[in-house]
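Novice: The structure's right below; bear with me while I get my questions together.
The values are calculated or read from the model by the stated rules, or taken from the named source; none is laboratory data. Because the structure is a prediction, the values reported are computed rather than measured. Reconstructed Cβ throughout: ideal geometry from the backbone, glycine too, with neighbour counts over all protein chains shown.
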């Protein structure tokens, strides 16, 4: 087995572009583009349990929170995938979404989330017992 | 290509070591940030060649480089108390619908919400 011991990886031709070969060998892709730039698990919109590149969480009100990056994104066009914990009742379906584009954010420094719960016929805000968040995109 | 290193493991001086299989297998092979309002469009993406607006709340993304199989792992996100979910996927494309928790499981209007955005991430093996 070969091993590389380094503290950082930087592209030679272009600093932000390191190419890796696909599993099947038919394609190549940019390493940096495929790496998650931030992720977090949070309890009740109040506590970060574990994370990468997340400085803080702010609980604004029931179901409304802001997560702030340590290192900011390059723009507000990043991709977010989220999962919210089960609400606990029959037909409950918890989802986490983000607020409008202004909260997705011009500086790339925060994402403003809103969590909703289907409690049978109408939706209402809720604080997920466990919220999971992943960000992909370009860091500044 | 400027240079090539073949290695099975990388090690940081303080943060630990990692098999490079996690780098290759653990990297997202596709992701996209899309505007769903009106005619759907892609804002920013990796490994995406086009988006097709199939109708209300119904989108199909086509990959530039195909996955090795159809059953790759996907994650979805949506703006404003809605949810995006996968309806069908092949190695080279994926079809999504939007819904929200206070409605039945049907595709919802993708207009009327300025800048309404949805996102997708795909993990698995490329061909």
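Novice: Being touching a residue at least 60 places away in the same chain (Cβ under 8 Å), touching a strand residue (DSSP E or B) at 6+ places or on another chain (Cβ under 6 Å) and more than 19 Å from residue B:121 (Cα to Cα): is that true of residue A:46 here? Please lay out each step first, then the result.
Specialist: Details: touching a residue at least 60 places away in the same chain (Cβ under 8 Å): yes; touching a strand residue (DSSP E or B) at 6+ places or on another chain (Cβ under 6 Å): yes; more than 19 Å from residue B:121 (Cα to Cα): yes.
Answer is yes for this residue.
Novice: Next up: Having 2 or more residues that are touching a strand residue (DSSP E or B) at 6+ places or on another chain (Cβ under 9 Å), at pLDDT 75 or above and at the interface with another protein chain (Cβ under 8 Å from one of its Cβ atoms) is the bar; report the strands (runs of 3 or more DSSP E) wholly within region B:74-127 that clear it.
Specialist: On the way: elements: B:83-89, B:93-99, B:117-123.
Strands (runs of 3 or more DSSP E) meeting the threshold: B:117-123.
Novice: Then there is this: Any chance you could count how many residues in region B:49-64 are surrounded by fewer than 19 Cβ atoms within 10 Å (Cβ to Cβ) and in contact with a strand residue (DSSP E or B) (Cβ under 9 Å, 6 or more places away or on another chain)? Full working, then the answer.
Specialist: From region B:49-64, those surrounded by fewer than 19 Cβ atoms within 10 Å (Cβ to Cβ) are B:49-50, B:52-56, B:58, B:60, B:62, B:64; that's our starting set.
Adding the requirement that they be in contact with a strand residue (DSSP E or B) (Cβ under 9 Å, 6 or more places away or on another chain) leaves B:49-50, B:52-54, B:56, B:58, B:60, B:62, B:64.
Adding up the residues that qualify gives 10.
Novice: Residue A:74 passes all but one of (1) within 20 Å of residue B:7 (Cα to Cα); (2) surrounded by fewer than 18 Cβ atoms within 10 Å (Cβ to Cβ); which number fails?
Specialist: (1)
Novice: Quick one: would you say residue A:17 is surrounded by fewer than 17 Cβ atoms within 10 Å (Cβ to Cβ), within 14 Å of chain B (Cβ to nearest Cβ) and either touching a strand residue (DSSP E or B) at 6+ places or on another chain (Cβ under 6 Å) or in a strand (DSSP E or B) (or both)?
Specialist: So residue A:17 passes the test.
Novice: Next question, about the same structure. Identify the single condition in (1) loosely packed, with under 15 Cβ neighbours inside 10 Å; (2) in contact with a strand residue (DSSP E or B) (Cβ under 9 Å, 6 or more places away or on another chain); (3) more than 9 Å from chain B (Cβ to nearest Cβ) that residue A:10 does not satisfy, given that it satisfies every other one.
Specialist: Failed condition: (2).
Novice: Under 6 Å by Cβ, and 6 or more places apart or on different chains, what pairs join a residue from region A:1-15 that is closer than 11 Å to residue B:17 by Cβ with one that is assigned to a loop (DSSP other than H, G, I, E, B)?
Specialist: Close Cβ pairs satisfying both conditions: A:4/B:7.
Novice: Related question: If only one of B:37, B:28, B:32 is in a loop (DSSP other than H, G, I, E, B) and within 7 Å of chain A (Cβ to nearest Cβ), which one is it? Steps first, please.
Specialist: Values: B:37 fails: within 7 Å of chain A (Cβ to nearest Cβ); B:32 fails: in a loop (DSSP other than H, G, I, E, B).
Testing whether each residue is in a loop (DSSP other than H, G, I, E, B) and within 7 Å of chain A (Cβ to nearest Cβ) leaves just B:28.
Novice: Have a look at A:34, A:24 and point out the one that is within 19 Å of residue A:133 (Cα to Cα) and within 11 Å of chain B (Cβ to nearest Cβ).
Specialist: Only one candidate qualifies: A:34.
Novice: Another question about this same structure. Before we move on, is residue A:91 in a loop (DSSP other than H, G, I, E, B) and modelled with pLDDT of 65 or more?
Specialist: So residue A:91 does not fit the description; no.
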